[in-house]
Amino acid sequence: MRKIGVFVCWCGSNIAATVDVKQVVEEAKKMPGVAYAADYQYMCSEIGQNMMKEVIDKHNLDRVVVAACSPRMHENTFRRAAEEAGINPYLVEIANIREQCSWVHKDKEAGTEKAIALTRAAVAKVTLNSELVPGEIDVVKKALIIGGGIAGIQSALDIADAGYKVDIVEKTPSIGGKMAQLDKTFPTLDCSACILTPKMVDAAKHPNITLHTYSEVEKISGYVGNFNVQIKKKARYVDMDKCTGCRICTEKCPSKKAKSEFEEGLKNRGAVYIPFAQAVPNVPVIDTDECIKLKTGKCGLCEKLCPSNAIKFDDKDEIITEEYGAIVVASGYDIIDLNKFGEYQYDHPDVITSLEFERITNAAGPTNGKFLRPSDGEKPKKVVFIQCVGSRDKTERGKSYCSKICCMYTAKHSMLIKEKYPDIEAYVFYIDVRTPGKNFDEFQRRAVEKYGVQYIKGMVGKIFPEGKKLMVHGVDTMSGETLVIDADMVVLAAATKAKSDAIDLKRKLNISTDINNFFTEAHPKLRPVETASAGIYLAGACQGPKDIPETVAQSSAAAAKVIGLLNKSKLVNNPCVSAVDESLCSGCLACTEMCPYDAISYKNIEIDDHGKKIKKVVADVNEALCHGCGGCTVTCRPGAIDLKGFTNKQILAEVDAICH
């Protein structure tokens, strides 16, 4: 006979307000195998855990049920407490009477009845629990960073400084990301390049960091501590070892029709180009869609002029395979397609995005820092900024969430204009001003109070081009007045969105995304930089809109997690994995096709059938790869696969108990 202890938590008033915990305890005492039942205000507290340990010892309990909050929150806490009391941690079950009960019921009687049912189900399951022992796996002492923006660079530097090897895989020809495109950063108005460029150089020169630019992650397999990653290094057509960065090829290239991605299309570049002056590595790349030689076989001027013989038109894409112990995803963000917002006339040359504004005001940008209209090169007299373009927009064309950074960078933009050109009038249309950050509110108020930027609470309905002017029609919701401003330029603060390849990357990594395709953390409060897949961490705006300070902080947090992982000589894996009953397995191998982690293969065995030796194919589970999702158990028609800790018998016992 089992000796089960049941501990019911009040969770302050979270549970006790809608569940009669005393009644749950009294009902628990009547359940089969329960030797002890009690309640306490905070079971997760030190006092609560000590109480549990003392009771286990005093009453010689061999199983524990804790009726409390979600197992995602405190299952490990209670398992550790039970282990310290001498019980195998997998002989502990959690009845989630907070999220599944008290938080969804206002009727105390109904909530109490459901809490009793959930506790009864947990008691039925724990009765059938058996001791599980985790296995050990080795750790490859090397990390992969996907994305070479400020998030990836910061994580890489932190991990490398701790003494571990790091590879950065960046899709574009240079690291730097969107921060490299910015002119100034808020709230200190530091020169963005002055902050970022030294970090880029540090990353390139660090003996523990290897840069794989113009490269993509092709395939990922393996598991925490032992990821196997295929990296596609795209043909650059320039030998990086021979190139001296003299730039003769970029200057002499006759093909200058391509729009510069770095300059947001405001300037043309050659077919052979270096993305920007401070690019790392400072080596050109040839655009196959623009190069005359690669398209027609003619030209080849760069090859003839290169003094280092670095041009190689026979270059090919290359696949390399590397092993890593941990992965940090820092793939960044994009901005939405503004072509869906016809009322803002984005196709007009004088209606620009905030990133285009950054390039126009940058001293190294297409106008050498002079604030000029793209249409005619004249200095504007009136500039209108429109916030929340696509943000907080519940229609299909926009995003329902706040993009978080637009209020601050719009204040920055308006200040930069007024600082350089005090005679220019600046107007900002806004829904709300959201500036939650250190010195952020003071920064935004400085734009109004010191620089005289006119903030108008209201949205713009339509922009009509009239001659050289852009007639901005909006409403001041504070006064109810309809406004028409004859602007010379309009700057749109476009919503941020997840990268277009986020879903593809998610499938390669076996991690999850939210409804907006941003990568999802394991727990928003307690595990904000981890994913649900062990050994894979998140940094920066790939998780959701973030400013630079927040991105850097999260990147260092992800690096700390990686360092903690790589510092271990062995890792303990989850023992709740699938197991095959070879006597029942028919060898159909339907489970191998279903398994999302490639954890199931097959093997040939020999069985004794009434004295006759017969060869047989059966499924074989790699416990290091298995995540315990249980998908294979429902696929297995003979019922040969069961999940340790969640066997069919245990699940059915729970169902029977609830239906009691």
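The values are calculated or read from the model by the stated rules, or taken from the named source; none is laboratory data. What you are looking at is a predicted structure, and each value in this text was computed from that prediction instead of being measured. Positions of Cβ are backbone-derived with ideal geometry, glycine not excepted, and every protein chain shown enters the neighbour counts. Side chains are part of the model used for accessible areas, which takes the heavy atoms of the whole protein and leaves out ligands, DNA and RNA. Shrake-Rupley method; radii C 1.70, N 1.55, O 1.52, S 1.80 Å.
If K257 satisfies every condition in (1) at pLDDT 95 or above; (2) charged (D, E, K, R); (3) open to solvent by 30 Å² or more (accessible area, probe 1.4 Å) but one, which is the exception?
(1)
Let's see how each residue does on (1) within 32 Å of the chain's Cα centre (by Cα); (2) part of a strand (DSSP E or B); (3) at pLDDT 95 or above:
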{"residue": "A364", "(1), (2), (3)": "yes, no, no"}
{"residue": "K370", "(1), (2), (3)": "no, no, no"}
{"residue": "D376", "(1), (2), (3)": "no, no, no"}
{"residue": "V383", "(1), (2), (3)": "no, yes, yes"}
{"residue": "I386", "(1), (2), (3)": "yes, yes, yes"}
{"residue": "K394", "(1), (2), (3)": "yes, no, no"}
{"residue": "R397", "(1), (2), (3)": "yes, no, no"}
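Restricting attention to region 116-123, does a residue exist that is at pLDDT 95 or above, under 35 Å from the mean Cα position of the chain (by Cα), farther than 29 Å from V572 by Cα and open to solvent by 10 Å² or more (accessible area, probe 1.4 Å)? First the steps, then the outcome.
Residues of region 116-123 at pLDDT 95 or above: 116-123.
Checking the rest, the ones that are also under 35 Å from the mean Cα position of the chain (by Cα) come to 118, 122.
Restricting the remaining residues to those that are farther than 29 Å from V572 by Cα gives 118.
From the residues that got through so far, the ones that are open to solvent by 10 Å² or more (accessible area, probe 1.4 Å) too are 118.
Taking every residue of region 116-123 in turn, at least one turns out to be at pLDDT 95 or above, under 35 Å from the mean Cα position of the chain (by Cα), farther than 29 Å from V572 by Cα and open to solvent by 10 Å² or more (accessible area, probe 1.4 Å).
Considering only residues that are among the aliphatic types (A, V, I, L, M) and open to solvent by 30 Å² or more (accessible area, probe 1.4 Å), look in region 227-254 and name the one that is nearest to C306 (Cα to Cα).
My answer is I248.
Within region 481-515, restricting attention to residues that are more than 21 Å from the chain's Cα centre (by Cα) and more than 20 Å from C388 (Cα to Cα), which residue is most open to solvent (accessible area, probe 1.4 Å)?
This residue is E481.
Among the residues of region 574-590, are any within 30 Å of E27 (Cβ to Cβ) and touching a helix residue (DSSP H, G or I) at 6+ places or on another chain (Cβ under 9 Å)? I'd like the intermediate steps shown before the answer.
Restricting attention to region 574-590, the residues satisfying the condition of being within 30 Å of E27 (Cβ to Cβ) are 576.
Okay, now just the ones that are also touching a helix residue (DSSP H, G or I) at 6+ places or on another chain (Cβ under 9 Å), so 576.
Yes, there is a match, as at least one residue in region 574-590 is within 30 Å of E27 (Cβ to Cβ) and touching a helix residue (DSSP H, G or I) at 6+ places or on another chain (Cβ under 9 Å).
Quick one: which strands (runs of 3 or more DSSP E) sit completely within region 309-356 and have at least 1 residues that are open to solvent by 60 Å² or more (accessible area, probe 1.4 Å)? I'd like the intermediate steps shown before the answer.
Details: elements: 318-324, 326-329, 333-335, 351-353.
Strands (runs of 3 or more DSSP E) meeting the threshold: 318-324.
Only one residue in G369, G398, G390 is within 18 Å of E264 (Cα to Cα) and open to solvent by less than 50 Å² (accessible area, probe 1.4 Å), so which one is that?
G369
Scan region 464-478 and tell me whether some residue there is open to solvent by 60 Å² or more (accessible area, probe 1.4 Å), without any contact (Cβ under 8 Å) to a residue 12 or more places away in the chain, part of a loop (DSSP other than H, G, I, E, B) and within 27 Å of G332 (Cβ to Cβ).
No; the residues of region 464-478 include none that is open to solvent by 60 Å² or more (accessible area, probe 1.4 Å), without any contact (Cβ under 8 Å) to a residue 12 or more places away in the chain, part of a loop (DSSP other than H, G, I, E, B) and within 27 Å of G332 (Cβ to Cβ).
Looking only at residues that are among the polar types (S, T, N, Q) and either under 20 Å from N510 (Cα atoms) or without any contact (Cβ under 8 Å) to a residue 40 or more places away in the chain (or both) in region 584-601, which one is least open to solvent (accessible area, probe 1.4 Å)?
Within region 584-601, the match that is least open to solvent (accessible area, probe 1.4 Å) is T592.
Does A95 satisfy the condition of being open to solvent by less than 30 Å² (accessible area, probe 1.4 Å), closer than 20 Å to G12 by Cα and modelled with pLDDT of 95 or more?
yes
If K568 satisfies all but one of (1) assigned to a helix (DSSP H, G or I); (2) open to solvent by 30 Å² or more (accessible area, probe 1.4 Å), what's the number of the condition it fails?
If we test K568 against (1) assigned to a helix (DSSP H, G or I); (2) open to solvent by 30 Å² or more (accessible area, probe 1.4 Å), just (1) comes out false.
Quick one: which residue in S255, S221 is assigned to a loop (DSSP other than H, G, I, E, B) and among the hydroxyl-bearing types (S, T, Y)?
S255
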